[in-house]
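Participant: My questions all concern the structure below.
Bear in mind that the values in this text are calculations on the coordinates, not laboratory data. All of these numbers come straight from a predicted model, not from anything done at the bench. In this analysis, Cβ positions are derived from the backbone assuming ideal geometry, glycine residues included, and neighbour counts consider all displayed protein chains.
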Amino acid sequence: MRVIESFSKGLKILEYIVQSGDIKISDAAEHFDMPSSNMTLFFNSLYTEGYILKNPRKAYSASQKLSLLAEKIKNKNAAIMEACREPMNELFAAYGEMTLLGILEQKRVIFIERIQSDKNIRIADDYTTSYIPHVTAAGKAIISAYPETMIREYVETADLRRFTDKTLITKKAVLEELMRAKENGYALNRGEYEADIMAVSTAVLDNGIPCASLTVQFPAYRFSENDLVHYAKSLIASAKSASSHLQKNSKPRSAS
C-alpha cells in the first residue's frame, strides 16, 4: 500500500503533541531527529488547521478539535449499539450463546458490546482487546462486505500468524475464505483463534457500508459447522434489522 510519508509523519507528530502536553518545536525536532525549520512547518500546518494551540511561552498543546472528532466517533458507535441492541437480545433469547457486536478499529476487531452466556465460553474480560480480523467470524463478516478490491487490499497486508491448526496462514486461503463469506452473506470461525470456540457472523450496514458485525459464538464440542450454517439465516435477518434502523437514523455515507 502506497502512503504519503509526510502525512504519516505529521500524524505521528500530532500524537506526540497530544501525549506530551505543552511542547516546544525544538523538543519535537529533537525527538524526531528533524531540523527545527522542518518541524516548524508541521507545527504551522497543525496550528493553521486548528489541531494545536500556542501559549504565551511559545509551547503548543492539542486543541479541542480532536476531542470533538473523538466525540463524533463515540456517537457513531453509540448509534450502532442502539441499532443492534434489540437484534442482539433476540439472538441471545433464541440460542442462549455468547452474542457480540464487533467493529473494525485500526485493522483490528474490537467487541464493543456483548451478552454473556453462562455456558463458559471464554473471551476477553474487557473491551480493549483487539483481534486479527480474519481469525474471527466478526472480522471476516465486515471485510467480506467491502468491494473485492478492498478485500484483496486487506489480504495483501494481513497478519498471517498461526493460532490453532485451523488458522488460515496463506494469502490464498484467506482470500478464498473472505470471498466465500461475501458470496454466502455470512462468515464462519471454525476454531481459527481458539480451537474450542466456533462462531457465525454477518455484517451490519450503514447505508450500504459495513460498519459492524453481529456474532454468535458456540462451543466446538456441542456444535458443528453445519449447525452454524443453519443459524446463519436468523443472524442475517437480525443484521438486516439493525441495518434498517441505522439507515433510518443516519445520513448517507461514502465507501471511500
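Participant: Given an 8 Å cut-off on Cα distances and at least 6 residues of separation, report the relative contact order of the range 17-81 as a percent.
Facilitator: 32 percent
Participant: Still on this model: Apply the a/c threshold of 1.5 to the C-alpha gyration tensor of the range 116-216 and tell me whether it is rounded, prolate or oblate.
Facilitator: oblate
Participant: How far is helix 36-48 tilted off the main Cα axis of the chain, in degrees rounded to 10, range 0 to 90?
Facilitator: Helix 36-48 and the main axis of the chain meet at about 60 degrees.
Participant: Give the long-range amide H neighbours of Ile197: residues separated by 5 or more places, or on another chain, with amide H under 5 Å away, using H modelled in the peptide plane at 1.01 Å from N.
Facilitator: Ala220
Participant: May I pose another question? Pop out the ³J(HN,Hα) list for the range 13-25 in order, Karplus 6.51 cos²θ - 1.76 cosθ + 1.60 with θ = phi - 60°, rounded to Hz; leave Gly and Pro as x.
Facilitator: 5, 4, 4, 5, 5, 4, 6, 8, x, 5, 9, 9, 4
Participant: Where a ≥ b ≥ c are the square roots of the eigenvalues of the C-alpha gyration tensor, would you call the range 24-108 rounded, which needs a/c under 1.5, or, failing that, prolate if a/b is larger than b/c, or oblate?
Facilitator: Note, shape of the range 24-108 comes out prolate.
Participant: Add +1 for every Lys or Arg and -1 for every Asp or Glu among the other residues with Cβ under 11 Å from the Cβ of Ala78, and state the total.
Facilitator: Around Ala78, the surrounding residues sum to +1.
Participant: Per DSSP helix of 4 or more residues, -39500 (n - 2.57); summed, then divided by the residues of the chain. What does that give at 222 nm, rounded to the nearest 500?
Facilitator: -16000 deg cm²/dmol
Participant: Further question: Among Leu41, Leu214, Leu235, which one moves the most in a GNM of the chain with springs linking Cα atoms closer than 10 Å?
Facilitator: Maximum among the listed residues: Leu41.
Participant: Given the pairs Lys107/Lys248; Lys140/Lys166; Lys107/Lys171; Lys9/Lys182; Lys76/Lys248; Lys172/Lys233, which span a C-alpha to C-alpha distance of over 24 angstrom in this model?
Facilitator: Violating the 24 Å limit, Cα to Cα: Lys107/Lys248; Lys9/Lys182; Lys172/Lys233.
Participant: What nm value, rounded to one decimal, do you get for the distance between Ser61 and Ser6 when each label is placed 7 Å out toward the C-beta?
Facilitator: It works out to 3.0 nm between the two label points.
Participant: Can you tell me which of Met179, Met34, Met150 moves the most in a GNM of the chain? Springs connect C-alpha atoms under 10 Å apart.
Facilitator: Answer for the Gaussian network model of the chain: Met34.
Participant: Return the single residue from Ala173, Ala28, Ala199 with maximal mean-square fluctuation; model: Gaussian network over the chain, springs between Cα atoms under 10 Å.
Facilitator: Ala28
Participant: Does the range 72-248 come out rounded, prolate or oblate, given a ≥ b ≥ c as the square roots of the eigenvalues of its C-alpha gyration tensor, rounded meaning a/c under 1.5 and, failing that, prolate meaning a/b above b/c?
Facilitator: Here the range 72-248 falls in the rounded category.
Participant: What percent do you get for the relative contact order of the chain when only Cα pairs under 8 Å and 6+ apart count?
Facilitator: Worked out over the chain, it gives 16 percent.
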